[in-house]
Amino acid sequence: MSSRHAPRAGGPAPREPVVARSGVAPETSRLHLGGPGCWTMGPLSRETWAQRLGAFRASPSAFMAGPEGEDLGRDLLNELRSEKLSEQTKVSLLALSLEYPAQLWPDAAAAEAAATSLLDTLVLLPPRPSALRRPLLLAATTALAAGGALGPTSGASRRLLPLLLGLASGRDVGRGFGPASEQRPLQATACECLRELESCKPGLLGGCLGLLRSLLGQEGPVQPLSLLLALALRNTLVIQARARAGLQGLLVAGDMPAAGGPWNWTLAEEGDAHLQPQAPSWPAAEEEECGLAVLEPSPEEARELRAAVAQLLDTSYLLTPVAQAQLLWLLGWALRGLRGQPPVLFKPQLVRLLGTAQLTLLHAVLALKAAFGEALFTAQDEALLLRRLTLAAQHPALPLPAHLFYLHCLLNFPENWPLGPTGEETAPLLLGPRLCRGLLPSLLHDPSALLAHLHLLCLLCAEDEEKEEKGQDWCPRHYLGELLAGLRQRAALHGGPRALATLCFQASYLVVHCLAMQPMVLTPLTHGLARLYRARPALAPHFVDLLDRVGPELGEPLRMALRQEVVSRPGRDEALRWHLQILSKVADGKAPSATLGFLHAAAAHCTDWGLQQALLQVCRALLRAGVGEGLADLLQALARQLEDPDGRDRARLYYILLAHLAGPKLGVALGPSLAAPALTSSLVAENQGFAAVLMVQEAPAPMRLSVGPRRAAGPVPVLQLQVEVLEPLYSVELRFRVEGQLYAPLGAVHVPCLLPGRPCRPLHLPLQPRRPAPAQLAVRALFTTPAGLTCHAHLPPLTVNFADLFLPFPRAPDGDKQGFFEELWDSCLPEGAESRLWCPLGPQGLEALVARHLDPFVVVAQPPTSYHVAIRLPPASRLLLRLEAAHGDGVPVALRTDDWAVLPLAGDYLRGLSAAI
Amino acid sequence: MAQRAVWLISHEPGTPLCGTVRFSRRYPTVEKRARVFNGTSYVPIPEDGPFLKALLFELRLLDDDKDFVESRDSCSHINKTSVYGLLVGGGELWPVVAFLKNNMMYACVPLVEQTLSPRPPLISISGISQSFELLFGIQDFLHLGQKNDTELNTKLNQLPDLLLQACPFGTLLDANLQNSLDSINFASVTHPQKQPAWKVGTYKGKPQVSISITEKVKSMQYDKQDIADTWQVVGAVTCKCDLEGIMPNVTISLSLPTNGSPLQDILVHPCVTSLDSAILTSSSVDAMDDSAFSGPYKFPFTPPLESFNLCYYTSQVPVPPILGFYQMKEEEIQVKITVNLKLHESVKNNFEFCEARIPFYNRGPITHVEYKVSFGQLEVFREKSVLIWIIGQKFPKSMEISLSGTVTFGAKSHEKQPFDEICIGGTAYLKLHFKILDYTLTGCYADQHSVQVFASGKPKISTHRKLISSDYYIWNSKAPAPITYGSLLL
């Protein structure tokens, strides 16, 4: 590949400055004022650039939004070719482009153009040593990869990739790339650039595996080539496994892509859809998706693969420790699950690695442990690894952050045969109390160290729960108790830093979290915390926070202890606001008299708005808890006596609520408000909370109402209503309205409680007709939901039929029923009306018809042929029927009524009877 | 396995922001991967200003810790490692690896190659250990031999170029930044085949090997019936091998005298090529017995160019070098103190220096001292409320010395006297500072004749030993003292 060819291969036409340099005669060019940079805009001095870069770094977003922002990217590229600027300044310009390409060149097109310009600058460098080549390569790589421009259609990519590969393989890429002394560092840099491109586009170098292997075998720089090969190999394995393809001889494939020939993007395009973790996190790697189990290399491929991995591992000692660690992560996870690739290849490295204190190396060993488990680590190896880890977690020669990380690794140790639930921190089985001795917490520890070691101690205590206390050894639980006492003692110091108090509460929380089932731990903890409150009430916010976060195991006893702690003391000291804050958290229905006594006494000392509000906050808690007795007196007193009108109003409001709302509703009304809590007046915030509760809300009908069987008895007609509900309803009130004023206004029907699935007795709705006529009743329901909201709903209208109004006459004297009936019959005329009609009979005949519909009203019966019926129609009408001499399909009916308006209704009724059977 | 960004922030309490970003570096190609891997849980790297604020808040380094702030002070907000979540721009940036050392915050954010919700355990994130190595590497570079602010600034100015070498794309290539600095300077040297990446050049000159063993002894002494005194020796063996050739092989053996205390918990430099299993397994958690491996401890290695720590070890010596008691009783504005110190007869009685510092915390300045010493002199630092008993180069023949006296204090002023959370009331300590040259407490030494060098030329071999005190506390036996679990195992 020639130098002329490399940068221009497939690239766009050279840009302006290049034309200037090559198109203008050299002599003229020198006469121009200082090189190409000057004729886009005046050249910026070193100082100006320093200022500009400083302003940019201080806040890139602010700078880019400012007047200079737009030009920065363009200026920067131009200035790189300025002959006035020193190399050092240009390096700092390139450094900026390495960090902020997205700000300088915000889209793929701009990034492509920038990379092209950077490559142009690179090839135009004079052939003497220069500090710019390396950063220019890095910058072009960064611009392409970060700008999303890397790809087969990008001209800059087509120039950069062969150039990098040429440099990496130590080939002569032309005089423009500086003296021989610069080749070696550039070779390493090119490898790094290729590795970054491969990271961003897995599979990019899939076609170069054979080349990289042969370079590594020759005299290439070991570390950059090893890391590049390992990454490319890993990515290729993953992509091929997904495509269910083999390695296809990629490991032995020969030379680099032909000079100027097209780059092979096949694998990169397959890999493109899935950016692969180079070292997947362990749980994610459990999924088959990430594994390589599907890839079954042929014996020949497997041999090649093994040879390549062995080649990498054998020279790994030449790598820096951090690079060795990367190599192990990459290869470990590349080979995991690959058939026919036993992990013994790694074994020779392990002893060497276990001896070091290097964090990355030990971490990489743990990664291998997680990847291969028993296949690489026997039980003895596992024990040794644990010992080394325990040792590292406390070694005085290592810094604290390393100790804490190792301790974390211990509690998340990838055991061969884990017993506990996954995802939770546990002490590994082999980590006995003896190994842990040096890992226990001490008051001399830093906060995070203390918490980390405390967690381990808690895990030991949890294991120790079953065992009897040992006589000779100090039991871990005792030690835990002493330690917590020490923490509380420090937290109790007046004027001590908040960090000490925070630490004490964090430790308490951690202990409760781990040992919630151990009363031997919780009881002293509760008492200790109560004493801490007594000593330093100003810690009230921490107590409230703790109560919010712990379960009832500590929460319940601690509430009680704190309540006693507060109410047993006179509430008049400077700690009153803390006492009130605690009380508002812990006051409940228990022992309300002591709490009320305390509040009565405290009220006199609540002189400012804040204290009054705190006091009322406690009242609110008591209201919610359903404390009634005594609270009303207190609220009344507060409503009179508080100085602040806001406080008085609030007290009065609570009093009204207490007096008017039943317990459950009160609880809901005072429940957590959805409104923003930061409003100045507590009333406003609170109002929004219970305004919703006190208002009646429209709701869809939660019940079905129907008219049940008639019950012809009593002085007025009564509808029997049947109710079915879909959800529990309380305090149900049904309201009815008669359309057309046919009846007197109807009273509401009340039901305390309706539950779904539980049959409810029929509801009785007495009707007071003004005229004996059928009617429609509009129905509304008011009810309280289980959530305490009061709602109303419109139900479908109910129909009152003509027959629903029928009432029997009072009983006729015995023996003279016929006479009674005849008397009624005669009394209808002359004011009334008489009619005759034909009532069709169904197959059952007259007897069944009467029994079904008219039985309560029959006065004289001669079954099966003759019935005399008398019906009272409130308010003051009567309907008399004679059904006699039935034929096969009908019966002639003679009817009389004293209200002629009834006649058509009666006719319709009778004609409809047979159909109604 | 890469870093998204790295910061150095100097902590400046009392200034408006409480700190300044001294250095920061972002890695946009890694950031691009983070966006893909983290998916919906992705939180972008903030600008320096918001990062500074969020970090100092989380680490409680702002001056405003007066009020309870739930996001920081809640009991469930528990941090057990040096890895934090920072609230920035409406999201939580995690994991942020950060620690404070010498008033400098070191911080970086590693790439996590998966979603962050739920958070994966740190052990499964490959970039975490790399973050630590990067930060430790920067810290070593900044503080190695650094004496003043000017030097610090010079080194900070070198950092951008160094990281361009050591971590060009966010993936750390070498945590030894000094090495990267050398590689910039060595750039013109043509490298032969198989040059280790951790050795940027070759040495030319007179061959010499220097080995120095430094032992630090720690102790906690209580003078109480139910609490055991504890002490421990921590050793570090530092080597500088000036040898010609690319990969010279060296083997150093550490030996113990017949009654020496076995070396335990041995950690070696990565350049050590193999380790005896006895060295790998000797551990302080095991019960000591006569069968314990007692050397010689052989370390074959290929040395780097620079001075390096070949190994670290700990050891349990049978007695502490100086045994003492300290009694302090409070009497209104005075305290009465009695101190007794005894040098063990087996210890070399020839100090470079030896002194006992007796601080009085959470009290006012010293206004008056009446005292009697059996040996040495007492210096009084009134404003700092410290007594320093200068014992000098030798203990007297009796090996035992004592101090008694009465100290009176003035009124306490909060601004000048920092709060100490341990030394409250009668809880107090004295701390011994001493150094003995050409001596180790374990007896450990590197025999010049046992050093094997496989390189051209016979090197000059020099060895050095010293013992220094470190965290050597004697607690007031008349009041409670902080104890460790080890002290309870009588």
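The values are calculated or read from the model by the stated rules, or taken from the named source; none is laboratory data. For clarity, every value in this text was computed on a predicted model and none was experimentally measured. FYI the Cβ positions are ideal-geometry reconstructions off the backbone, even for glycines, and counts take in every protein chain you see.
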Strands (runs of 3 or more DSSP E) fully within the range B:212-323 counting 1 or more residues that are of a type in the set (Val, Ile, Thr) and under 22 Å from the mean Cα position of the chain (by Cα): B:230-242, B:264-268, B:308-315
The range B:23-46: number of residues that are within 12 Å of another protein chain (Cβ to nearest Cβ) and either in contact (Cβ under 8 Å) with a residue 24 or more places away in the chain or β-branched (Val, Ile, Thr) (or both): 16
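Here is a yes/no grid of residues against (1) out of contact with any helix residue (DSSP H, G or I) (no Cβ under 8 Å at 6 or more places or on another chain); (2) surrounded by fewer than 18 Cβ atoms within 10 Å (Cβ to Cβ):
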site	(1), (2)
A:718	yes, no
A:750	yes, yes
A:784	no, no
A:796	yes, yes
Helices (runs of 4 or more DSSP H) completely within the range A:476-571 that count 3 or more residues being closer than 15 Å to residue A:583 by Cα and either of a type outside the set (Lys, Arg) or within 8 Å of another protein chain (Cβ to nearest Cβ) (or both): A:540-549, A:552-567
Tally of residues being outside any loop (DSSP other than H, G, I, E, B) and aliphatic (A, V, I, L, M) across the range B:439-483: 6
Residue in the range A:326-337 that is at positive phi and either at the interface with another protein chain (Cβ under 10 Å from one of its Cβ atoms) or of a type outside the set (D, E, K, R) (or both) present: yes
Residue satisfying condition, being modelled with pLDDT of 95 or more, surrounded by 16 or more Cβ atoms within 10 Å (Cβ to Cβ) and assigned to a loop (DSSP other than H, G, I, E, B), within set B:78, B:45: B:45
Only listed residue being buried (at least 18 other Cβ atoms within 10 Å of the Cβ), within 14 Å of chain B (Cβ to nearest Cβ) and at pLDDT below 90, chosen from A:135, A:221: A:221
Any hit, the range B:262-272, residues being within 14 Å of chain A (Cβ to nearest Cβ) and more than 30 Å from residue B:458 (Cα to Cα): yes
Flag for residue A:268 being modelled with pLDDT of 75 or more, outside any loop (DSSP other than H, G, I, E, B), away from chain B (no Cβ under 14 Å) and under 28 Å from residue A:356 (Cβ atoms): no
When residues of the range B:121-155 are limited to those that are free of Cβ contacts under 8 Å to residues at least 24 places away in the same chain and under 22 Å from residue A:323 (Cα atoms), the one surrounded by the most Cβ atoms within 10 Å (Cβ to Cβ): B:129
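Results for (1) farther than 19 Å from residue B:265 by Cβ; (2) facing chain B (nearest Cβ under 9 Å), shown as yes or no for each residue.
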residue	(1), (2)
A:414	yes, yes
A:418	yes, no
A:425	yes, yes
A:433	no, no
A:451	yes, yes
A:456	no, no
Filtered residue count, the range B:336-358, keeping only those that are in a loop (DSSP other than H, G, I, E, B) and crowded, with 18+ Cβ neighbours inside 10 Å: 2
Subset tally (residues that are at the interface with chain A (Cβ under 7 Å from one of its Cβ atoms) and among the hydrophobic types (A, V, I, L, M, F, W, C)) for the range B:107-127: 3
Matching option when the condition is buried (at least 18 other Cβ atoms within 10 Å of the Cβ), outside the structural domain of residue B:463 (by the TED database), of a type outside the set (Phe, Trp, Tyr) and in contact with a Leu (Cβ under 6 Å, 6 or more places away or on another chain), among B:401, B:424, B:391: B:401
Residue within the range A:349-362 that is more than 10 Å from chain B (Cβ to nearest Cβ), crowded, with 20+ Cβ neighbours inside 10 Å, modelled with pLDDT under 90 and within 25 Å of residue B:133 (Cα to Cα) present: yes
Residue in the range A:102-109 that is assigned to a helix (DSSP H, G or I), modelled with pLDDT of 90 or more and away from chain B (no Cβ under 14 Å) present: yes
Selection within the range A:864-874 - surrounded by 15 or more Cβ atoms within 10 Å (Cβ to Cβ) and either among the β-branched types (Val, Ile, Thr) or within 22 Å of residue A:767 (Cβ to Cβ) (or both): A:869, A:870, A:871, A:872, A:873, A:874
Filtered residue count, the range A:837-871, keeping only those that are farther than 14 Å from residue A:884 by Cα and in a strand (DSSP E or B): 2
Unique match (being within 12 Å of chain A (Cβ to nearest Cβ), surrounded by fewer than 19 Cβ atoms within 10 Å (Cβ to Cβ) and either at pLDDT below 95 or closer than 24 Å to residue B:307 by Cβ (or both)) among B:258, B:251, B:190, B:202: B:190
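For (1) more than 30 Å from residue A:903 (Cβ to Cβ); (2) free of Cβ contacts under 8 Å to residues at least 60 places away in the same chain; (3) among the hydroxyl-bearing types (Ser, Thr, Tyr); (4) surrounded by 13 or more Cβ atoms within 10 Å (Cβ to Cβ), each residue gets a yes or a no:
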position: A:701; (1), (2), (3), (4): yes, no, no, yes
position: A:731; (1), (2), (3), (4): yes, yes, yes, yes
position: A:742; (1), (2), (3), (4): no, yes, no, yes
position: A:793; (1), (2), (3), (4): yes, no, no, yes
Residue A:462 modelled with pLDDT of 85 or more and either over 19 Å from residue A:408 (Cβ atoms) or in contact with a helix residue (DSSP H, G or I) (Cβ under 9 Å, 6 or more places away or on another chain) (or both): no
